[in-house]
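Q: I'd like to ask some things about the structure below.
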Amino acid sequence: MEMREIFRNISPIDHRYSQSEAELFEALVPWLSEEAVINACLSAEIALVKAHLIFRAALKPEYNEQLAAAAAAVTAHEVYEEEAKTHHNIRALVNVLKRKLPAELAALVHLGATSVDILDTAQSLRIQALTRTVIVPLLKKLALSLCDLAEREAATLQIGRTHGQHAVPITFGFALAEYVSRLGKSIEEIAKRSGELKGKLAGATGSYNATAFLVSDPEALERLYLEQLGLEPSEHATQLVEPEYLLRLLLEISAAFGIIANLADDLRSLQRTEIAEVREGFAADQQVGSSTMPQKRNPWNCEHVKSLWKAFMPRTMTFFMDQISEHQRDLTNSASQRFIADFITGFCLAVSRMTAVIQGLVVDKERMHAHLYSSAGAIMAEAAYLALSESGLADAHEHIRQLTVQAEKEGISFIAALLQKRELCQRIGDVLYAKKLIASPQEIAIFFEHPEYYCGRAVQKARSIALKYRSLFTQEEHCTKREHKTGGNSMQKKALIILAEGFEEVEAITPLDYLRRAGVAVTICALGDKTIVYGSHKIPVLADCSSADLESNGQLEANHWDALLLPGGIPGARYLSESHTVVNLVKAMAEAGKIVAAICAAPALVLFPAGVLQRHKWTCYPGMEQVGQQSQWVAEPVVTDGNIITSRGAGTAGQWAIALIRALMGEEQAASIASSVLL
């Protein structure tokens, strides 16, 4: 066949981005190229032949070798040459494959199948593998880069902007955490939706006419066929697999595309000359910003990402249109579905480019600081209004609004205008002093001259969100590598550690560290509505989330976790015991057979009153056993009895953690971690 010089190709994906993004392009080729389509269809045809042989108890070892060799020998060139005669792509592939097989195997090729049994199954096979091996890792790389930047800039003060106007102080890390959170959830949804893609072997109308004629149990044959490809059958099929499986995945990819385009817009705006708070990396020795203006340093990468989104976002309409097929099948999705490859490629190009932007982004903290003070203190007006309201003044908002108007008219700062109002200052000062924000009621100017005193939980949110998604995606990566190495395919285990004020630090951090080393996804949860919690020795820990967060998200349920860990310490364990949320979760986890683990005072103060220690041997900190059921208590460092794991105190925290790893991950992993930490 004709080989075309690259610059004679029509699509910019082929002649432009295949060179500028060569590594990414090569990663996409095995799943999105026409050669990939043919190879996936070959895999489906071979799986069908094997299913017939297995069903007939006739699969011989030499048949596996012959089928593999025949599939490897088929080329895209041969198939296209054959299609020029048949004018039918799948019949062309079938004809070529049959010629390369002995008669007894050739007779089974495509037997009982319609073209879409092969095409839709092969498409699910390709898109699922593409999502797992390229799309999700690419997105995680971007998310982790955002986590790094958000955490690094968590305390970098920046002016918040609403409607393009200065609003209240935030931090740059907080602004980035928005995209960490949005993209993080989208990544999880993309992974989930790709795992739901289905295949079929139900024939021309989905009613198993052909396969029911051939075998006694056509649905069993379908399952055999799909099991070899790692897929499940569509619950119902016409000639097509139900389109919503793929539609939902593509819509979530489109949502992620929009998130990345939004980030590109924000960063591009911050690179305007009059703002200039960030800038893209620029190779000043060679890179050119303009063909006529030598001084230009354009935000072209962010603009490129936005442009890709503009080009491909409208394709989402086509995905919806492909949802509709008349009766049991029409061919109106045939051409349109071929362009899914372009959409996914454009998306991956945008992700790759945005990752490069984030990794090379230069943050100008001095410019951010200057903009923070450029409004002459007006950004602190909300704080003044709130303090005045708390003082009992009903029309506080109007008083402060008038002050902002006065400051603007007179060309003075907001604080200067406020200081002219002695009664208002006294009210505000008293409130600020009561909140311990100033040393005396007369020092209100100090508060209003320091925007960092009024940035809410921006710093904490930036850090907690970055920590949450870094932990999630890093642990998933470790788990994936381990499963690949061992050939396993089990879901990652998830553990929840709940901390209350006054917890014993060693008993929380030790299992956190050991479990994460073992590949367990551990979430640190602070009891209540805050994420910073202090241990019994005044060591602060920034939790991944609060129990209020989990409760509002419906994640304080037994089916969401594989293990619950409760550190001891006083008053920490007592606070845990007084929480209905904690006690109810303990009971639900125990009843569901999930692991419930407690150490030090927690077994006696939390597990015993919750009623989960009956009929279980247990241990706790010496002396605390008097609170509980002493007949079952044993003086051992760690006691594992069924799904209840208890331990004595800080000195046994390492052994307790290893027992948890043993219960969650098995003896081999427990021994490996114990050896690595010299336990």
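The values are calculated or read from the model by the stated rules, or taken from the named source; none is laboratory data. Computed from a predicted structure; not experimentally measured. Note that we place each Cβ from the backbone using ideal geometry, even for glycine, and neighbour counts take in every protein chain shown. With ligands, DNA and RNA removed, areas are computed over all heavy atoms of the protein, side chains included. Shrake-Rupley method; radii C 1.70, N 1.55, O 1.52, S 1.80 Å.
Q: Over all directions, what mean area does the Cα convex hull of region 289-435 project, stated in square nanometres? Walk me through the numbers before you get to the answer.
A: On the way: hull surface 74.0 nm².
With every direction weighted equally, the projected area is 18.5 nm².
Q: Counting every Cα pair in region 173-310, what percent are over 20 Å apart? Don't skip to the end; give the middle numbers.
A: Values: 6086 of 9453 pairs.
Of all Cα-Cα distances in region 173-310, 64 percent exceed 20 Å.
Q: Keeping every protein chain present and rolling a 1.4 Å probe, give me the accessible area per residue for region 1-96 in Å².
A: Heavy-atom SASA per residue in region 1-96 reads 57 Å².
Q: Starting from one equal scatterer on each C-alpha and no solvent at all, send me the Debye-based log10 I(q)/I(0) for region 115-241 at q = 0.12, 0.14, 0.17 Å⁻¹, two decimals.
A: -0.62, -0.70, -0.86
Q: Here is a further query. Roughly how many nanometres apart are two label points built 7 Å out from the Cα toward the Cβ at Leu111 and Ala129?
A: 2.5
Q: I would also like to ask the following. So if we plug the beta-carbon distance of Thr205 and Glu443 into 1/(1 + (r/R0)^6) with R0 = 60 Å, what FRET efficiency do we get, rounded to 0.05?
A: Efficiency, from the Cβ-Cβ distance: 0.15.
Q: A follow-up question, please. For region 235-368, report the % of Cα-Cα distances exceeding 22 Å.
A: Pairs farther apart than 22 Å: 50 percent.
Q: Please give the per residue accessible area of region 125-263, computed with a probe of 1.4 Å over protein heavy atoms only, in Å².
A: Roughly 39 Å² per residue, with all protein chains present.
Q: On average, how much accessible surface per residue is there in region 609-679, in Å², for a 1.4 Å probe, leaving out ligands, DNA and RNA? It would help to have the intermediate numbers written out before the result.
A: Working: 3460 Å² over 71 residues.
For region 609-679, the per-residue accessible area is 49 Å².
Q: At 10 °C and a viscosity of 1.306 mPa s, what translational diffusion coefficient does Stokes-Einstein give for region 526-656, taking Rh as the Kirkwood radius over Cα pairs? Give it in µm²/s as a whole number.
A: Approximately 107 µm²/s, per Stokes-Einstein.
Q: Taking region 293-401, which trypsin sites (Lys or Arg not before Pro) meet the DSSP loop condition and have no more than 13 other C-beta atoms within 10 Å?
A: Working: sites: Lys296, Arg297, Lys306, Lys310, Arg315, Arg329, Arg338, Arg353, Lys365, Arg367, Arg401; in loops: Lys296, Arg297, Arg329.
For trypsin sites (Lys or Arg not before Pro) across region 293-401 that sit outside H, G, I, E and B with at most 13 neighbouring Cβ atoms in 10 Å, the list reads Lys296.
Q: With Rg and the Kirkwood Rh both taken from Cα atoms, where does Rg over Rh land for region 348-426?
A: 1.28
Q: How many percent of the accessible area of the chain is carbon or sulfur, using a 1.4 Å probe? Intermediate values should be presented prior to the final figure.
A: Numbers: 16950 of 32430 Å².
Solvent-exposed carbon and sulfur of the chain make up 52 percent of the total.
Q: Also: How far is it, in nm, from the label point at Lys365 to the one at Leu679 when both lie 7 Å from their Cα along the line to the Cβ?
A: With each label point 7 Å from Cα toward Cβ, the separation is 3.8 nm.
Q: Over the Cα atoms of region 388-437, Rg to Rh with Kirkwood Rh, two decimal places?
A: So for region 388-437, dividing Rg by the Kirkwood Rh gives 1.00.
Q: Based on the inverse mean of 1/r over its pairs of different Cα atoms, what is the Kirkwood hydrodynamic radius of the chain, in Å?
A: Its Kirkwood hydrodynamic radius stands at 29.7 Å.
Q: Using only the alpha carbon atoms of region 1-140, find the Kirkwood hydrodynamic radius as the inverse mean reciprocal pair distance, in angstroms to one decimal.
A: Details: mean 1/r = 0.0600 Å⁻¹.
About 16.7 Å, per the Kirkwood formula over Cα pairs.
Q: Between Gln626 and Tyr373, what is the label-to-label distance in nm when each label sits 7 Å out along the Cα-to-Cβ direction?
A: 6.1
Q: In square nanometres and to one decimal, what's the mean projected area of the convex hull around the Cα atoms of region 508-584?
A: Mean shadow area of the hull around the Cα atoms is 5.2 nm².
Q: Test of understanding: what is the full-extension gain from Leu331 to Arg401, defined as 0.36 nm times their sequence separation minus their Cα-Cα distance?
A: So the chain would gain 18.8 nm between Leu331 and Arg401.
Q: In terms of the ratio Rg/(2.2 N^0.38 Å) built on C-alpha atoms, what value belongs to region 212-263?
A: My calculation over the Cα atoms of region 212-263 gives 1.71.
Q: In the chain, what % of DSSP beta bridges are antiparallel (nearest 5)? Let's see the in-between values first.
A: Numbers: 15 of 38 bridges.
Around 40 percent antiparallel, to the nearest 5.
Q: Could you tell me what % of all Cα pairs in region 606-679 have separations over 16 Å?
A: Details: 1342 of 2701 pairs.
Across region 606-679, Cα pairs with separations above 16 Å total 50 percent.
Q: List, largest first, the extents of the alpha carbons of region 298-376 along their principal axes, each in whole Å.
A: Largest first, region 298-376 extends 67, 27, 17 Å along its Cα principal axes.
Q: In region 546-613, if every C-alpha pair distance is counted and binned at 5 Å from zero, what percent goes to each bin?
A: 3, 19, 30, 27, 16, 5, 0
Q: With a cap of 13 neighbouring Cβ atoms within 10 Å, and only residues DSSP puts in a loop, list the trypsin sites (Lys or Arg not before Pro) found in region 608-679.
A: Those that pass, being in a loop and sparsely packed, are Arg615.
Q: Okay, next question. Specify the longest stretch of the chain that does not include any exposed loop site, a site being one of the GluC sites (Glu not before Pro) with a non-H, G, I, E, B DSSP assignment and at most 11 other Cβ atoms within 10 Å.
A: Details: sites that count: Glu2, Glu5, Glu235, Glu274, Glu326.
The segment 327-679 is the longest one with no such site.
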